DNA sequence: CCCTAGATTTACT
DNA sequence: GTAAATCTAGGGC
């Protein structure tokens, strides 16, 4: 299974968020392999999006959102959680990223159970911080190239069922934008 | 099922 | 100083 090409991410962030549903994320740690199908995403853009980390200006934390598309933007929040994003934007935007909010676990479920200290498969990776913990994604993956088969990459997955659009979760600004996307497997 | 409180660090005002 | 793209445990229904 080949990875998604760089051009896949060089599109409107909202479009890429929809297109990422059903794709497969793989994380390789030594000989261990963890993977899952993306089932929930959210788009965060630039000046037109008050809820985005990139809304005001470039900083040490958000700089990945301004750099090469198809790379990882990982941030730390609430004093204890990492969240994983994919840098994506149309050519006429300066910044943008897609937050991966949930996956349907595929390979390496036992490893994820260990990482998450639970055997409840439904709750293994059904939230952005849970997913990062299950897949062992931390600041070390900041800027990782997801178009190459390294320790973290994204490839074709399943046929995408009907997409459900909603307001984004956990934000107070720009609540009217329906940039949260989900599929039901 | 629903709700609320508390954890705990960073980054920006 | 304080809000933050969150989660879990504990209580109630």
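The values are calculated or read from the model by the stated rules, or taken from the named source; none is laboratory data. Worth saying up front: this structure is predicted, and the values here are computed from it rather than measured. Cβ coordinates were reconstructed from backbone atoms using ideal geometry, including for glycine residues, and neighbour counts include every protein chain displayed.
When segment A:65-76 is filtered for residues that are in contact (Cβ under 8 Å) with a residue 40 or more places away in the chain and either on the phi > 0 side of the Ramachandran plot or part of a strand (DSSP E or B) (or both), the ones remaining, listed by number, are A:70, A:71, A:72, A:73, A:74, A:76. Beta carbons closer than 6 Å, at least 6 apart along the sequence or on distinct chains, pair a first residue in segment A:24-44 that is over 15 Å from residue A:127 (Cα atoms) with a second that is more than 16 Å from DNA strand C (Cβ to nearest atom) and not in a strand (DSSP E or B) for A:24/A:157; A:28/A:151; A:33/A:107; A:33/A:108; A:34/A:108; A:35/A:106; A:35/A:107.
The set of residues in segment A:1-25 that are closer than 22 Å to residue A:180 by Cα and part of a strand (DSSP E or B) comprises A:24, A:25. Among the residues that make up segment A:66-73, is at least one of them more than 10 Å from DNA strand C (Cβ to nearest atom) and over 25 Å from residue A:22 (Cβ atoms)? Yes, some residue in segment A:66-73 is more than 10 Å from DNA strand C (Cβ to nearest atom) and over 25 Å from residue A:22 (Cβ atoms). When the residues of segment A:99-132 are filtered to those that are under 12 Å from the mean Cα position of the chain (by Cα) and over 19 Å from residue A:184 (Cα atoms), which remaining residue is farthest from DNA strand B (Cβ to nearest atom)? By that ranking, first place goes to A:132.
Yes or no, residue by residue, for (1) at pLDDT 95 or above; (2) loosely packed, with under 13 Cβ neighbours inside 10 Å:
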{"position": "A:117", "(1), (2)": "no, yes"}
{"position": "A:128", "(1), (2)": "yes, no"}
{"position": "A:142", "(1), (2)": "yes, no"}
{"position": "A:157", "(1), (2)": "yes, no"}
{"position": "A:167", "(1), (2)": "no, no"}
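Residue A:56 satisfies every condition listed in (1) over 27 Å from residue A:122 (Cβ atoms); (2) within 11 Å of DNA strand B (Cβ to nearest atom); (3) within 12 Å of the chain's Cα centre (by Cα) except (3).
Listed conditions (1) assigned to a loop (DSSP other than H, G, I, E, B); (2) within 13 Å of DNA strand C (Cβ to nearest atom); (3) surrounded by fewer than 20 Cβ atoms within 10 Å (Cβ to Cβ) are all met by residue A:95, apart from (3). Could you list, in sequence order, the residues of segment A:34-70 that are over 21 Å from residue A:153 (Cβ atoms) and in contact with a helix residue (DSSP H, G or I) (Cβ under 6 Å, 6 or more places away or on another chain)? Of everything in segment A:34-70, those that are over 21 Å from residue A:153 (Cβ atoms) and in contact with a helix residue (DSSP H, G or I) (Cβ under 6 Å, 6 or more places away or on another chain) turn out to be A:45, A:53, A:54, A:58. Kindly establish whether residue A:52 is in contact with a strand residue (DSSP E or B) (Cβ under 6 Å, 6 or more places away or on another chain), under 12 Å from residue A:99 (Cα atoms) and either in a loop (DSSP other than H, G, I, E, B) or more than 9 Å from DNA strand C (Cβ to nearest atom) (or both). It is true that residue A:52 is in contact with a strand residue (DSSP E or B) (Cβ under 6 Å, 6 or more places away or on another chain), under 12 Å from residue A:99 (Cα atoms) and either in a loop (DSSP other than H, G, I, E, B) or more than 9 Å from DNA strand C (Cβ to nearest atom) (or both).
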